[in-house]
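Inspection log for the structure reproduced underneath, given as structure tokens.
Any read-out appearing in this document is the output of simple, stated calculations on the displayed coordinates, not a laboratory observation. As the structure is a computational prediction, the values presented were derived from the model and not from experiment. Note that we place each Cβ from the backbone using ideal geometry, even for glycine, and neighbour counts take in every protein chain shown.
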Amino acid sequence: MTKRDFLDLLDQYGADPSRWPAPSRLAADRALAVDAELRALLATEQTLIAALADLPPASASPTLRRLVMNIPLEHPRAVAAPSLAGLLMAGWRRWTAGMATVTAAGLIGFVLGYGQLVPLPTASAGEQVVAEDLASLLADATYFDSADAENAE
């Protein structure tokens, strides 16, 4: 175990080795057995914890609270500009939904536009268009050819 790893354990779990994770505790015990500097660090940390425990609790002053709350305002974090890869990876759902919407609108527009090329027989008041009239109209290939020729002009 390195000195940096030992200091990380002290920072994360405190000066009580019984609170450290078992694999880390075993490695720390081996390191403490051979390194006097690590033993001194642990003893110093334990002394500091004991001294702080004897102090009465204190609340933060309004000035300290204001200063702490102003830290983000005085030191704003820079935001990185979005990259093309980031936009594609993060926004693929929006992109696919947008493409589906555009495709559906195009398809509906095509169907409605093409449907206006073929005039359907209309019924005057009191008349009904019979299904056979529509079927014969749609089956007449020459009708479609003449309609296409009229639209090309």
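Excluding LEU7 itself, what net charge comes from residues whose Cβ is under 13 Å from its Cβ, given Lys and Arg +1 and Asp and Glu -1? Summing Lys/Arg as +1 and Asp/Glu as -1 gives -4. Highest mean first, the peptides 11-23, 51-63 sorted by other C-beta atoms within 10 Å per residue fall in the order 11-23, 51-63.
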